[in-house]
Amino acid sequence: VQLQASGGGLVQAGDSLRLSCVPSGGSFSRYAVGWFRQAPGKEREFVAAVSWPGMTTKYTDSVKGRFTISRDNIKNTVYLQMNALSPEDTAVYYCAARREQLVAVSGTLYHYWGQGTQVTVSS
């Protein structure tokens, strides 16, 4: 399964963006999906994850109340709605899928990764 992440861009602090992740040549059926990000000079970090079929979500503390992860299992798409963006959210955002239904925080537990989409937030 190859993942395609999209929706990044250059925005100002306080703005919103919605990222999308779709699998090409496959399906998200029975897969938990997560979003991770990597800022310049920093390690990749967990952002959010959603279980299959979507009853459970998990967020890193810094995005709680601002980001919402969701999935549309008919459209086979996972979204990350990002509100109240700040410069600290600037990073390349990656979606990842794991062959399990439960969410996971560690990137090592994900089997498939997308190419990343750049999010830049100016102050």
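What the table below lists for this structure:
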read-out	value
Test: G107 is among the small types (G, A, S) and over 19 Å from V1 (Cα atoms)	no
Boolean, N73 is more than 18 Å from T117 (Cα to Cα), among the polar types (S, T, N, Q) and more than 10 Å from the chain's Cα centre (by Cα)	yes
Looking only at segment 51-64, and only at residues there that are over 12 Å from the mean Cα position of the chain (by Cα) and in contact (Cβ under 8 Å) with a residue 12 or more places away in the chain, the one that is farthest from S20 (Cα to Cα)	S62
Selected residue (only one of A39, A5, A13 is under 26 Å from V121 (Cβ atoms) and in contact with a Pro (Cβ under 8 Å, 6 or more places away or on another chain))	A13
Close pairs (9 angstrom Cβ cut-off, 6 or more residues apart or separate chains): closer than 17 Å to T108 by Cα in segment 29-44, surrounded by 10 or more Cβ atoms within 10 Å (Cβ to Cβ) and of a type in the set (D, E) anywhere	Y31/E100; A32/E100; F36/E45; R37/E45; R37/D89; Q38/E45
Residue under evaluation D15, criteria (1) touching a residue at least 24 places away in the same chain (Cβ under 8 Å); (2) surrounded by 14 or more Cβ atoms within 10 Å (Cβ to Cβ); (3) under 22 Å from H111 (Cα atoms); (4) not aromatic (F, W, Y), criterion not met	(3)
Only one of S51, S86, S70 that is modelled with pLDDT of 95 or more, closer than 27 Å to S123 by Cα and of a type in the set (S, T, N, Q)	S86
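The values are calculated or read from the model by the stated rules, or taken from the named source; none is laboratory data. What you see is a predicted model, and the numbers here were worked out from it, not measured in a lab. Here Cβ is always computed from backbone atoms with ideal geometry, including for glycine, and neighbour counts include all displayed protein chains.
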